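Here's the structure, in structure tokens; my notes come after.
Just so it is clear, none of the values below were taken in a lab; they were calculated from the coordinates. All values reported here derive from a predicted model rather than from experimental measurement. Reconstructed Cβ throughout: ideal geometry from the backbone, glycine too, with neighbour counts over all protein chains shown.
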2 protein chains.
Amino acid sequence: MESQELRKVGLKVTHPRMRILDILERASPRHVTAEDIYRQLIEHDEDIGLATVYRVLTQFEAAGLVLKHNFEGGQAVFELDRGHHHDHMVDLDSGKVIEFTSEEIERLQHEIAERHGYVIEEHSLVLYVRRKRGAAS
Amino acid sequence: MESQELRKVGLKVTHPRMRILDILERASPRHVTAEDIYRQLIEHDEDIGLATVYRVLTQFEAAGLVLKHNFEGGQAVFELDRGHHHDHMVDLDSGKVIEFTSEEIERLQHEIAERHGYVIEEHSLVLYVRRKRGAAS
DNA sequence: ATGGGTGCAAAGTGTTTGCAACCGT
DNA sequence: ACGGTTGCAAACACTTTGCACCCAT
């Protein structure tokens, strides 16, 4: 039950938070902007303001429920944190976001930070790509 | 001579563009925001508007003279493109930007994109780091 | 009941743009 | 002289905030 997830992270169980969490869980594609969520709320005749969407997303991020990414293009995108760290590829033509992981890149990153006397707090790796000519979909 | 660099990329040699290019060349740290540049212009009693700084930086980017990065924190940072591709580490405490390169990470990135049927158009790898406890400066 | 949560509108930030004057060629 | 370039102010897009009311506990 979603209300448990909210309580678990110390957030009061309110209607806006439940609805937004619900949308994030069902979201496909998984990466959505605040406006995307707001639009869906409107479609479902929910009377929730855009400001609330931003506030709730910020709280969810602080609570570790969602991840926020700043890809190119101004709008931040959010996704539910499912616990499996991954990086992103953004298809420049379709806007589609593809997730990927690479143990090896992770390892190299830590090695590099270490070499400079640093510890990685967080990182952001985004590949902006285009379909290869002749590649199948 | 800087005026040559401008002509080479097809930009009219104007006072604002010369001054901004000059600041970028002398900049240390090399990564500066539009405001940083604007501030320096003001200090040197130059009568150049912030809008012009943005316009010129955009043109420089399009001309391949500068690179623009969107690190966390809203403000975009610019650096003169010296031709040597590199990625960035941002010290979360000092704001300092450290450059690094990793042939291996580059290779892995292309391998991953390839595996998904894509070609990398550009990419962004930023490590947000903190000094390791006890690490020398 | 009480303190956090919410909607709305207004304020903020960083960046872009319209326009008349200006300057490099 | 011409057309690109500039400064200024206003417009923009996205996000945050102040405030009076509302609702979960």
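Among residues of segment B:46-64 that are away from chain A (no Cβ under 14 Å), those with a Cβ under 7 angstrom from a residue that is more than 10 Å from DNA strand C (Cβ to nearest atom) and part of a helix (DSSP H, G or I), sequence gap 6+ or separate chain, pair up as B:Glu46/B:Arg19; B:Ile48/B:Arg19; B:Ile48/B:Leu41; B:Val53/B:Ile20; B:Val53/B:Ile37; B:Val56/B:Ile20. Of everything listed in (1) under 17 Å from the mean Cα position of the chain (by Cα); (2) surrounded by fewer than 19 Cβ atoms within 10 Å (Cβ to Cβ); (3) assigned to a helix (DSSP H, G or I); (4) away from chain B (no Cβ under 14 Å), the single unmet condition for A:Ile42 is (1).
Residues of segment A:59-81 being under 14 Å from A:Glu25 (Cα atoms) and outside any loop (DSSP other than H, G, I, E, B), which ones? Give the steps one after another, and end with the answer.
Start the filter on segment A:59-81 by keeping residues that are under 14 Å from A:Glu25 (Cα atoms), which leaves A:60, A:65-67, A:78-81.
Within segment A:59-81, A:Phe60, A:Val66, A:Leu67, A:Phe78, A:Glu79, A:Leu80 meet the criteria.
Tell me, yes or no, whether segment B:107-120 has at least one residue that is in contact with a strand residue (DSSP E or B) (Cβ under 8 Å, 6 or more places away or on another chain), touching a residue at least 12 places away in the same chain (Cβ under 8 Å) and part of a loop (DSSP other than H, G, I, E, B). The answer is no; no qualifying residue exists. Note on segment A:16-68: residues that are in contact with a helix residue (DSSP H, G or I) (Cβ under 7 Å, 6 or more places away or on another chain), within 11 Å of DNA strand C (Cβ to nearest atom) and of a type outside the set (Ser, Thr, Tyr) amount to 13.
Residues of segment B:110-137 that are within 15 Å of A:Ser102 (Cα to Cα) and at the interface with chain A (Cβ under 7 Å from one of its Cβ atoms): B:Ile112, B:Ala113, B:His116, B:Leu125.
Could you go through segment A:70-91 and let me know if any residue there is more than 12 Å from chain B (Cβ to nearest Cβ) and touching a residue at least 60 places away in the same chain (Cβ under 8 Å). So far as segment A:70-91 goes, no, none of its residues is more than 12 Å from chain B (Cβ to nearest Cβ) and touching a residue at least 60 places away in the same chain (Cβ under 8 Å). Selection over segment A:95-109 of residues that are more than 25 Å from A:Arg30 (Cα to Cα) and more than 9 Å from chain B (Cβ to nearest Cβ) gives a count of 1.
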